[in-house]
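Notes follow the structure.
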Protein chains: 2
Amino acid sequence: MRVTVSGAYSTKFGKHPGSSARELLTEACLGALDEADMTPEAVDEVHVGNFMGELTDDQGHMGVMTADYLGTAGVSATRSESACASSGWAFRNACAAVEAGIADVTLVAGVEMMHATGIERLTDALADAADNEYENSCGLTFPGIFALIARDYMDEFGVTREDLAEISVKNRANGVRNPVSQYQEEVTVEDVLEARPIAPPVSLLDSCPITDGASAVVLVSPEYADDEGIETSAVVVGSGASTDTLALQDRDALSRTLSAERAAERAYENAGVTPEDIDVVEVHDCFTVAEALAVESLGFFERGEGAYAAVEGETASDGRIPVNTSGGLLAKGHPVGATGVAQIVELTKQLEGRHPTQVEDAEVAVAHNVGGSGASTTVHVLQSEGVEGVGGGS
Amino acid sequence: MRVTVSGAYSTKFGKHPGSSARELLTEACLGALDEADMTPEAVDEVHVGNFMGELTDDQGHMGVMTADYLGTAGVSATRSESACASSGWAFRNACAAVEAGIADVTLVAGVEMMHATGIERLTDALADAADNEYENSCGLTFPGIFALIARDYMDEFGVTREDLAEISVKNRANGVRNPVSQYQEEVTVEDVLEARPIAPPVSLLDSCPITDGASAVVLVSPEYADDEGIETSAVVVGSGASTDTLALQDRDALSRTLSAERAAERAYENAGVTPEDIDVVEVHDCFTVAEALAVESLGFFERGEGAYAAVEGETASDGRIPVNTSGGLLAKGHPVGATGVAQIVELTKQLEGRHPTQVEDAEVAVAHNVGGSGASTTVHVLQSEGVEGVGGGS
């Protein structure tokens, strides 16, 4: 795959009580277009990632809504939904449209508005990502699902709550430097352990927050960028996606994420890279245990070793493989339908050398976006424009 | 575009009180795979069209659910949503994945379960396709929206309720011969005029019914079909999509569907065809006036003439341009997220020469799937395998 990124923007993540989804989407899209030095008229196709607009905003048809509010009614536009991997999929579909020659310029955005809905209705809405017949209907919601996963992982590998807490400590520290991050205060291991229990062993500080926010990137075909003299900073060279069973009960093990392992394998093959080539990563740390599993799925650590990566500083911004320099979902926040594109925004800044927590010589980056309990995952590989020797595998 | 169809199947449309979305999806997918003489293991990627599963089934993440229940957890899978054009878009995204070389075999399905939700909640859910801030919130729902459109069209062109009723008469007659059709009884113009008023001038028989149902098609790359010796019957040669403003109030005219005009223009250009090349058509007749507008948007009739097409028999199965030989949404039914794929299923049968209302020498077919009040449209052009001289434009 070879699709170029020419602009990327996220709104501030957090509470936006005075704004609606269309306002944040418009801010993100105009921000990304402005970075690309393009106007909305240049866009051929709009892909929007959103998980639960029908439940939180009484609004479907958000692809059209986004195009309309940009003043570009007439372009083709749609929405992708794959639970919390909704905009990972919107991004993948938009890349496919460019790669297929259907569009020269696609605008990919993601949004979720989570605060206006009360916490009970919101928890119920989020549970639509799980299996309604076998999970939600039994009262299992996401903190419970990840508590089951965390218990299984801790039992199998002798991991402690302290070990997992280090992931929250690292990501909160990174969030302090990220201007769009919802949380900008450091926490300690003790803070995480003593925070309010949500679903033991998961505490409030093991969990990502409830977030409003939107993100957008502009994708162009390399030919169009050449012809139009458009400046591009990063290139998407690999895309992989996979699924697992919708319900936890149907999996052989909770302590690994098969959908992520397969998506990573496919993305690496598509890009012609190996884990050793990768310099910086954004993973889907909806809960602390999710980051431990993610860095294993992506091939950076053996099974059971992912939990120690943060403890030993290996995933710190100056570590062997920096993970979630943005603050991740734990600090930056997790407006679910925006997260996949928000990861691309952060990685584009890394590849351009202008990230607030810049990784030295970052040339190859990976984004890992998960839906539900790991029932779906998308993985994308990006590299800096002009870098030779890796990428562009097919 | 050049993507081949190798299997197509619709469940019976109507009431399925004992079934859930996953059951109908599984029936449709296995039916399509069986027609293709393939097993689920051959599928690389699943695209599901669904509009409002979060509201009717408390279930998002339907791409994963479909893959899981087919026993193929591990494939890549997602959902597309563009209101009533959800599976038109799932089909377009699946075609793009094949065309981009991302997948050799994609399975595209659509589903909607509408009966289990009470009529008041359902009407409210369907209204999520409109603009929540400027339409739903003022009490405008879809029968009202299409009543406004019908009034404008009737006023502008001197069309009568009798003229529009002929569309319902024609489609109901076609539905009688279609085994999957929800309604299988003929109606008269008088029946339509005297039916219960829904939103005058729209009566119950000017309106499509509430429907449960699912449809699926298997798409393969021509190279894969050749290599594997897979029998294919139809080829997708053109895809076009477009949008209009989300809210009616922002449009210059209600009596035309600009999104459909643009989508058709793009699909025809992509396929290298003109309206004169087309032999058979499925259009989105959610209300009688919608078919009149559709046949104008697609270039078969001048503005204002579409209403007379059924009156004069031009859109009958033996007319100049047969429209909705399936019975259309008015008779076959409209499980909204399934409709776009259901149209492809019907047209594939026409191109294979085995449709219950077969059009003689049908070689080029067009599907027209509309979201909301015309805020989005997808148009696809298909042709019989082996036909030369049209199609394959790019």
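Kindly indicate whether A:Ala73 is among the small types (Gly, Ala, Ser) and under 23 Å from B:Arg266 (Cβ atoms). Before the answer, list the steps.
On the way: among the small types (Gly, Ala, Ser): yes; under 23 Å from B:Arg266 (Cβ atoms): yes.
Here the answer is yes, as A:Ala73 does meet what is asked.
The single condition among (1) out of contact with any Gly (no Cβ under 9 Å at 6 or more places or on another chain); (2) touching a residue at least 12 places away in the same chain (Cβ under 8 Å) that B:Tyr153 does not meet is (1). Could you check, for the stretch A:62-83, whether at least one of its residues is farther than 11 Å from A:Ala109 by Cβ, more than 7 Å from chain B (Cβ to nearest Cβ), open to solvent by less than 30 Å² (accessible area, probe 1.4 Å) and of a type outside the set (Val, Ile, Thr)? So far as the stretch A:62-83 goes, no, none of its residues is farther than 11 Å from A:Ala109 by Cβ, more than 7 Å from chain B (Cβ to nearest Cβ), open to solvent by less than 30 Å² (accessible area, probe 1.4 Å) and of a type outside the set (Val, Ile, Thr).
Take the conditions more than 14 Å from chain A (Cβ to nearest Cβ), of a type outside the set (A, V, I, L, M, F, W, C), in a helix (DSSP H, G or I) and more than 26 Å from B:Asp250 (Cα to Cα) and apply them to B:Glu156. Does it pass?
Numbers: more than 14 Å from chain A (Cβ to nearest Cβ): yes; of a type outside the set (A, V, I, L, M, F, W, C): yes; in a helix (DSSP H, G or I): yes; more than 26 Å from B:Asp250 (Cα to Cα): no.
The answer is no for B:Glu156.
With the condition kept exactly as written, say whether any residue in the stretch B:212-234 is closer than 18 Å to B:Gly333 by Cα, open to solvent by 20 Å² or more (accessible area, probe 1.4 Å) and among the β-branched types (Val, Ile, Thr). Within the stretch B:212-234, not a single residue is closer than 18 Å to B:Gly333 by Cα, open to solvent by 20 Å² or more (accessible area, probe 1.4 Å) and among the β-branched types (Val, Ile, Thr).
The stretch B:212-305 holds strands (runs of 3 or more DSSP E) entirely within its bounds, and those carrying 2 or more residues that are of a type outside the set (D, E, K, R) and within 14 Å of chain A (Cβ to nearest Cβ) map to B:234-243.
Cβ-Cβ distances below 7 Å connect the following pairs, each with a first residue in the stretch A:107-129 that is in contact (Cβ under 8 Å) with a residue 60 or more places away in the chain, a second residue that is basic (Lys, Arg), and a separation of six or more residues or different chains: A:His115/A:Lys15.
Checking each residue in the stretch B:236-263 for being crowded, with 24+ Cβ neighbours inside 10 Å and either in contact with a Ser or Thr (Cβ under 6 Å, 6 or more places away or on another chain) or on the phi > 0 side of the Ramachandran plot (or both) picks out B:Ala241, B:Ser242, B:Thr243, B:Asp244, B:Thr257, B:Ser259, B:Ala260, B:Ala263. Of all residues in the stretch A:10-49, those satisfying the criterion of being touching a helix residue (DSSP H, G or I) at 6+ places or on another chain (Cβ under 7 Å) and among the aliphatic types (A, V, I, L, M) are A:Ala21, A:Leu25, A:Leu33, A:Val46, A:Val48.
In the stretch B:251-261 there is at least one residue matching the filter, namely being more than 25 Å from B:Glu133 (Cβ to Cβ) and at pLDDT 95 or above. The residues in the stretch B:104-136 that are closer than 18 Å to B:Cys208 by Cα and among the hydroxyl-bearing types (Ser, Thr, Tyr) can be counted, and the count is 2. What do you reckon, is B:Val341 open to solvent by less than 20 Å² (accessible area, probe 1.4 Å), touching a residue at least 40 places away in the same chain (Cβ under 8 Å) and not in a helix (DSSP H, G or I)? Here the answer is no, as B:Val341 does not meet what is asked.
Residues of the stretch A:1-56 that are in contact with a Lys or Arg (Cβ under 8 Å, 6 or more places away or on another chain) and more than 14 Å from chain B (Cβ to nearest Cβ): A:Ala8, A:Phe13.
Give the residues of the stretch A:136-152 that are β-branched (Val, Ile, Thr) and in a helix (DSSP H, G or I), sorted by residue number. A:Ile145, A:Ile149, listed by residue number.
Of the residues in the stretch A:5-22, how many are surrounded by fewer than 24 Cβ atoms within 10 Å (Cβ to Cβ) and touching a residue at least 40 places away in the same chain (Cβ under 8 Å)?
As a first pass, look at the stretch A:5-22 and keep what is surrounded by fewer than 24 Cβ atoms within 10 Å (Cβ to Cβ): A:12, A:14-20, A:22.
With the extra rule that they be touching a residue at least 40 places away in the same chain (Cβ under 8 Å), the set shrinks to A:12, A:14-17, A:19-20, A:22.
Of the residues in the stretch A:5-22, 8 are surrounded by fewer than 24 Cβ atoms within 10 Å (Cβ to Cβ) and touching a residue at least 40 places away in the same chain (Cβ under 8 Å).
Yes/no per residue for (1) touching a strand residue (DSSP E or B) at 6+ places or on another chain (Cβ under 8 Å); (2) open to solvent by 10 Å² or more (accessible area, probe 1.4 Å):
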residue	(1), (2)
B:Ala85	yes, no
B:Glu99	yes, yes
B:Asp104	yes, yes
B:Gly110	yes, no
B:Leu126	no, yes
B:Asp131	no, no
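The values are calculated or read from the model by the stated rules, or taken from the named source; none is laboratory data. This one's a predicted model, so the numbers in the text were calculated from it and none came from an experiment. When we count neighbours, we look across all protein chains shown, and the Cβ atoms used for this are built from the backbone with ideal geometry, even at glycine. Remember, those area values only see protein heavy atoms, side chains included, never the ligands or the DNA or RNA. Shrake-Rupley method; radii C 1.70, N 1.55, O 1.52, S 1.80 Å.
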